[in-house]
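These notes are about the structure you will find just below.
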Amino acid sequence: MSQTQEPDSFEIRLNALKARIDAACKQHGKNPEQIKILAVSKTFPASAVKEALAAGLHAFGENYVQEGVEKIAQLIAHRQALEWHFIGPLQSNKTKEVAEHFDWMHSIDREKIARRLSEQRPPGVKPLQVCVQANVSGEASKSGVLPSEAVSLALSIAALPNLTLRGVMAIPEPSEDEGLQRSRFAELTRIFEGIRAKLLAPQQILFDTLSMGMSADLEAAVAESLPQTTTMVRIGTALFGSRAAK
Ligand SMILES: *Cc1c(COP(=O)(O)O)cnc(C)c1O
């Protein structure tokens with residue numbers, strides 16, 4: 001993959017992204033401080049992460065275990081400044097690497113994965129911050145727990161010692177219909193509120209994150225964001241450019 005980019009192009013893209021977020025917040029009466037950018041650096045080299053870090057971003061998402069672990073190692077000198085989020089599908093034989101190297105895990109869709117992550121989180125390290133991935137696209141998607149099972153999965157996660165349940169995540173099916181995008185995110189917010197109602201008071205305080213919205217549908221995610229809650233938009237293409245086909 002060869003990338004020829006203007007030296008200042010990352011800043012330009014970041015500013016354009018912030019302008020989109022601000023415009024969507026203004027349009028829908030939302031507070032931009034509650035929208036957080038998770039820069040999805042998958043397929044891009046460590047140097048791209050460094051450039052984004054220099055531009056003021058600090059949370060990065062990866063969705064392939066091996067690639068993520070390698071990048072974390074390459075950037076170990078910056079470890080304190082970086083927050084690493086695992087956002088991809090995870091097989092149970094790879095949970096140990098996520099438990100050992102990442103700060104967040106967004107895509108928990110079954111109890112077995114949660115249990116292994118908790119058991120494999122190294123002692124003395126802050127609990128892994130996690131989200132339940134919900135399937136809000138019905139038959140159009142296979143990833144994520146069914147909405148009807150989200151509360152029970154969330155409650156079993158909340159009982160695990162080395163995980164902190166932070167919120168919910170979804171990847172709706174791609175669609176250019178903003179009404180459909182919004183209905184998917186609205187369903188995720190209903191799942192979020194359903195889980196929150198069942199948590200104990202101390203767990204409710206930490207449960208504060210909607211991981212929703214990507215380059216193509218962040219406006220719909222902003223429109224459906226909830227007050228007193230962080231909406232983490234996971235942005236790859238709009239920040240780093242298009243990815244080479246795998
Ligand atoms: C790749 C990826 C993204 C970023 O997608 P863009 O459309 O490039 O912004 C967000 N979330 C997940 C889970 C991804 O795998």
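The values are calculated or read from the model by the stated rules, or taken from the named source; none is laboratory data. Treat the numbers as computed from the prediction; the structure is a model and nothing was measured. Quick reminder, even Gly has a Cβ in these numbers, built from the backbone with ideal geometry, and neighbours come from all protein chains shown.
Tabulated results
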read-out: Looking only at the stretch 57-110, and only at residues there that are within 16 Å of the ligand (Cβ to nearest atom) and assigned to a helix (DSSP H, G or I), the one that is farthest from GLU11 (Cα to Cα); value: LYS94
read-out: For SER148: the one exception among (1) of a type in the set (Ser, Thr, Tyr); (2) out of contact with any strand residue (DSSP E or B) (no Cβ under 6 Å at 6 or more places or on another chain); (3) part of a strand (DSSP E or B); value: (3)
read-out: Neighbours by Cβ (under 7 Å, 6+ apart or cross-chain): first from the stretch 198-210, under 18 Å from LEU226 (Cα atoms); second assigned to a helix (DSSP H, G or I) and among the basic types (Lys, Arg); value: GLN204/ARG196; PHE207/ARG196
read-out: Selected residue (criterion: nearest to the ligand (Cβ to nearest atom)) from residues of the stretch 179-199 that are farther than 11 Å from ALA134 by Cα and crowded, with 20+ Cβ neighbours inside 10 Å; value: GLN181
read-out: Residue identified as touching a Ser or Thr at 6+ places or on another chain (Cβ under 9 Å), β-branched (Val, Ile, Thr) and more than 21 Å from ARG243 (Cβ to Cβ) among ILE35, ILE87, ILE21; value: ILE35
read-out: Residue count, the stretch 26-44 (criterion: more than 16 Å from the ligand (Cβ to nearest atom) and farther than 17 Å from THR209 by Cα); value: 4
read-out: Index of the failed condition, ARG243 passing every other in (1) modelled with pLDDT of 95 or more; (2) under 29 Å from ALA99 (Cβ atoms); value: (1)
read-out: Of all residues making up the stretch 132-178, the number that are closer than 23 Å to ASP103 by Cα, surrounded by fewer than 18 Cβ atoms within 10 Å (Cβ to Cβ), among the small types (Gly, Ala, Ser) and at pLDDT 95 or above; value: 2
read-out: Hey, ALA114 among the small types (Gly, Ala, Ser), within 16 Å of the ligand (Cβ to nearest atom), part of a helix (DSSP H, G or I) and more than 22 Å from ALA221 (Cβ to Cβ) or not; value: no
read-out: Subset of the stretch 117-141 that is of a type in the set (A, V, I, L, M) and in a helix (DSSP H, G or I) - its residue that is nearest to GLN66 (Cα to Cα); value: LEU117
read-out: Considering residues of the stretch 206-241 that are near the ligand (Cβ under 8 Å from one of its atoms) and assigned to a loop (DSSP other than H, G, I, E, B) only, the residue farthest from LEU180 (Cα to Cα); value: GLY236
read-out: Residue that is under 24 Å from GLN129 (Cβ atoms) and not polar (S, T, N, Q), where the choices are PRO32, PRO45; value: PRO32
read-out: PRO202, sole failed condition from (1) under 19 Å from ALA150 (Cα atoms); (2) more than 12 Å from the ligand (Cβ to nearest atom); value: (1)
